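Worksheet: the structure to be examined is printed underneath.
The values are calculated or read from the model by the stated rules, or taken from the named source; none is laboratory data. These numbers come from a predicted model, not from an experiment. Cβ atoms come from the backbone with ideal geometry, glycine included; neighbour counts cover every protein chain shown.
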Amino acid sequence: MKQKTVSNLTADQIGETAARAKRFTTAPVQAGDAAGMEPEFVRVPDVQRVWGIKRGTCYGLINSGKIKSVSLRSRGETKGCRLVSVASVRAFIASLEAS
């Protein structure tokens, strides 16, 4: 089967192809301004960088239930990505300041 190329198409066929493509494409999406947004979850190294809580201390706080976290991993996998709740870290630090 011979493949059609642009040079083999008539002006009407090119116009139909362009109209069909225009009908099915979506408008371009502009990236939003995320400067004022803060994440709900961060990784353990980010906890260390932002609040100065060392890795071992962070995992100890997670194990004791003082800060909340979730693990993103596939079912049955041992390795994954640990995400820590920013709100729980802030609440923990606020509780230290209050006492």
With the first residue restricted to region 50-77 and required to be at pLDDT below 95, and the second required to be surrounded by fewer than 12 Cβ atoms within 10 Å (Cβ to Cβ) and in a loop (DSSP other than H, G, I, E, B), Cβ contacts under 6 Å at 6 or more apart or on different chains are SER71/GLY80; LEU72/GLY80; ARG73/GLY80
Quick count over region 39-49, residues being farther than 14 Å from LEU83 by Cβ and within 16 Å of the chain's Cα centre (by Cα), is 0
The condition of being modelled with pLDDT of 95 or more and either among the hydrophobic types (A, V, I, L, M, F, W, C) or over 30 Å from SER95 (Cα atoms) (or both) holds, among VAL6, VAL44, only for VAL44
If we ask which residues in region 64-99 are surrounded by fewer than 12 Cβ atoms within 10 Å (Cβ to Cβ), of a type outside the set (A, V, I, L, M, F, W, C) and assigned to a helix (DSSP H, G or I), their number turns out to be 3
Taking region 29-63 and keeping only residues that are in a strand (DSSP E or B) and not β-branched (Val, Ile, Thr), one is left with PHE41, ARG43
Subject >> Filter pass, SER69 being in contact with a Phe, Trp or Tyr (Cβ under 9 Å, 6 or more places away or on another chain) and of a type in the set (S, T, N, Q) >> reply: yes
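Please verify whether ASP12 is modelled with pLDDT of 95 or more and in a helix (DSSP H, G or I), treating the condition exactly as stated.
Working: modelled with pLDDT of 95 or more: no; in a helix (DSSP H, G or I): yes.
So ASP12 does not fit the description; no.
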